[in-house]
Each structure stands twice: as structure tokens, then as C-alpha cells.
Amino acid sequence: MGDIEAPSDSNPSAVGGEFDLQDFYLPFDPDDISPEDMQRWPYYRHVSMHWPDYVQTSTVPIRPAPEPRGLETGERFDLNTEFRTGTSYLQSLIDCQVKGFVVMRSDEILAEFYDNGFNLGDTNLLQSASKTYAGVITHTLIDQGLLDADALVSSVHGDFAGTTIGAATVQHVLDMMSGARTLLNFHTPGTTDQQWEIEIGLQRGERKGHVAAIKAAGKACEPGAAWNYSDKNTDALALLAEAVTQRRYVDLVQDLFDDFGANDSGSLVVSPEGTASPCYGISTTTRDYALFHQWIAERRAPNSFYSSAMDPAKDHIRTTNPLGAQLMPGTNYGSHTYYLVDHNVLHSSGSYGQIGMSDMDTGLAVAMHADWAVNTEPEKFEASRARGLAIINTLR
């Protein structure tokens, strides 16, 4: 990972490392947090757990399930044991700015850790880990016969006719193979990348329309040619879901929270137009994040989701995206979900260290919320994923 450069202060996005750790612990007054600084250290450790107060659009609430899963404390996995030479699991969590960590199987909590002012009942922004929720919801509609994975997006939602995403199939959009360009240049004024973050509430600025921004997705290649990660794919899925169900997307998210037995309240980001932004905008507790991944690990998600997400042929990250291949060796991608092929583990991943894992062999789930300095710090990403896998393999 040594050849990945840290971003400059003027462009604190994407991938980097070598940040001054003491900045994470600086004191601050929450009243002084500005939209320009809210995703920087030290502020983000507070902002990430109070996202409805800081998003530049708005959020709608997600309720606990009418019949929440009853959780019990099982035989505890000792986080004091050695993870790597000279480093315990506990110390690794602290070193990676993890604020919430839960290991769960059969509704038993086997390990739990909280830090950075975070605790039971507190919610944290999932960032792009929200995308896996969108993948599951889309496959629910596919299995219900409301949506055809092979249909052109434009045939499902006429407003997408003549657009990059409109020329792709629903499955292309699910697999980040629509041809839509990856967004990276978020902090250069006037770019379409920055405008996207304005539309979904991550930055302050004049809005031009959430739906219009999705339809205007730049083209990187033909559909199916390469893996190009784009938030616009996910928010397009929400529009397709609303089109075929005639329901608000937040209600579909609520159905999912009800299905996996959420214990606590959460929230979902919406635009001024009332459209949802599931590309990043779900906030949830760590326990409920773990319950979602336990639900997947127990194979209670839609059948077509597993067929797609665990398809051994979906090695697009490794074969068509050099940066993705470098960051995520041995990883496939299908239906907004990562698949660690050699470990038989499905996982979601979001900026600043949100990672959930589903062990498809044993039904075990691992979930963590963290506060990294930027979207991806490669060393912390590698350590967090390795830590989760080590616990999974030990408990197998």
C-alpha cells in the first residue's frame, strides 16, 4: 500500500494515510463545527453519531422493529488476546479509531466494544456500507417479481432514457458495472463530483436537483465493461424501487429493519425533492448493523441476492479496477456487496471505517463503526478486515 499517497489538506477525500493522530483527540465545541469541516478530525467523531443534526439536506426516521430480536450476552470472546504480534484485538480497535464493535451469532453478543463517546443506542452514519442495504432491497423486489434484473433501467424508469445509467441493466447497476464514472474530485469547486455531494447533503452549496444529478452521471465505459464505483448507481436503485412499488424508499428500508429485527431507531438521508440517498445515508446502532449482517449470514436475505453477491465469476474489482484490486485483493463484488471468496464472507464497507461481515459458514456477524481521517486509510482498512476475519476463523 506504500505507493498510495495521502490527500492534501485541500482535498481530504478518497484514499490516504500518515495523518497526525493527536488531531483526532483535540477538544472542540460542537457549536463551532462548520459544514466545511464536519467530516474532518476531530469533529467527525461527533458528527458521525449525530448525522441528522449536520446533514445539509434532511433525514427521516427509521423505527425499531415491532418484534425486535431478543439479544443476550453469550460466552465472551476475549478482546485482550493477541491479534498480531504484540497487539491485542482491543488495542487494534483503539488504534483504528473504532467506536463501536459487535460480534454476534444466533442473537448472542460474543464481543462488544465502545469508545470515542459512542455507546449503546447511539447511531452512526454507515456511509457507503448503506449500499448493501440497497442491494438487498433491490433483490427483494426481484424475488417478488416486481423488478427484472436483466431489464434496462430506462424500461423501468422512463426518465432515465438516453442517460448512462438508463442504458445499463438493473444488474449492471447493482454490480457497479453500469458504465457510470467514479466520483473522486469532491473538493474542487465547480466539479460535478462536488455538486453530487451538495445534492446529497455532504456539502453546503446551491442545489440543482438530486434526480437530475443521477441522470447526468458521466460515462466511463459501456455497461458491463468495467467496475466503476459510483454513488449514483445506488441512488438510482432507490428511484427504481419507488417506481415499481409506488412506495417511499424509507418505507422499504423500514420493511428491511423489521425483517432483521432492529432493536433501535435509525435514520435515512433524503433530498429536498423527497428522494432517498441510500448510497451513504443510513444511520444505525452497531448492534443493529450486526443484526443486519447476522440476518444475511443466516441466509434470510432474498435468494437472488446470494446468487449474485456470491457469484465466483464477479471478479470485476480485480480484473478491471487497479486501485480496487490493490486495496481489496481476493475480493469479488456483486449487488452492492463485497465477497471474500477464500473466506466465504460477505461484507459491506463504508467511508471512515464502517465495516460489517457475514460469515456464510457459521451465521456469525461482525460489525464496526469507526472514525478514520479520510474515506479510506489503507493500513486501518487492512487491519480492520483482518481483525474481523481472525475472529471469524477463531470462532469457527
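Laboratory data are not the source of any read-out in this text; all were calculated from the coordinates shown. Model, not experiment: these values are computed from the prediction. Positions of Cβ are generated from backbone atoms using ideal geometry, with glycine treated the same way; all protein chains shown enter the neighbour counts.
Values computed for the structure shown
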quantity	calculated
Which label in (1) 1.37; (2) 0.97; (3) 0.93 gives the computed Rg/Rh (Cα atoms, Kirkwood Rh)	(3)
Fraction of beta bridges assigned by DSSP in region 21-395 that are antiparallel (%, nearest 5)	95 percent
Net charge over other residues, Cβ less than 11 angstrom from the Cβ of Q171 (K, R count +1; D, E count -1)	-3
Likely footprinting exposure, M49, M357, fewest C-beta neighbours within 10 Å first	M49, M357
Efficiency of FRET from Cβ geometry, D37 and A161, R₀ 41 Å, rounded to 0.05	0.50
Difference of contour (0.36 nm per residue) and Cα-Cα distance, R76 to V341	92.6 nm
Residues in region 380-396 that a label on T362 would reach, taking backbone N under 16 Å of a point 7 Å out along Cα→Cβ	386-396
Residues C96, C221, C279 arranged by fewest to most Cβ contacts within 10 Å	C221, C96, C279
Cα centroid separation - region 16-55 against region 86-148, whole Å	21 Å
Residues E36, E242, E206, E199, sorted so that the one with the fewest Cβ neighbours within 10 Å comes first	E206, E36, E242, E199
222 nm mean residue ellipticity, helices alone, for the chain (DSSP H n ≥ 4; -39,500 (n - 2.57); rounded to 500)	-9000 deg cm²/dmol
Distance between modelled label sites at E67 and T394, nm, 7 Å Cα→Cβ extension	3.5 nm
Shape category assigned to region 343-396 from the gyration tensor of Cα positions, a/c cut at 1.5	prolate
Mean separation of Cα contacts under 8 Å (6+ apart) over length of the chain, as relative contact order %	24 percent
Distance from region 170-202 to region 208-286 (C-alpha centre basis), Å	13 Å
Surrounding net charge for D258, when Lys and Arg each add one and Asp and Glu each subtract one, Cβ distance under 10 Å	-2
Pairs beyond 26 Å (Cα-Cα), from K99/K219; K99/K131; K131/K208	K99/K219
Residues of region 221-237 with amide N under 20 Å of a point placed 7 Å along Cα→Cβ from Q144	234-237
Contour minus Cα-Cα distance for A225 and S307 (0.36 nm per residue)	27.5 nm
Three-way shape label, region 37-77, alpha-carbon gyration tensor, a/c 1.5	oblate
Long-range amide H partners of N124 with built H, under 5 Å	T284, T285
Backbone N under 13 Å from the S154 label point (7 Å along Cα→Cβ), restricted to region 215-243	223
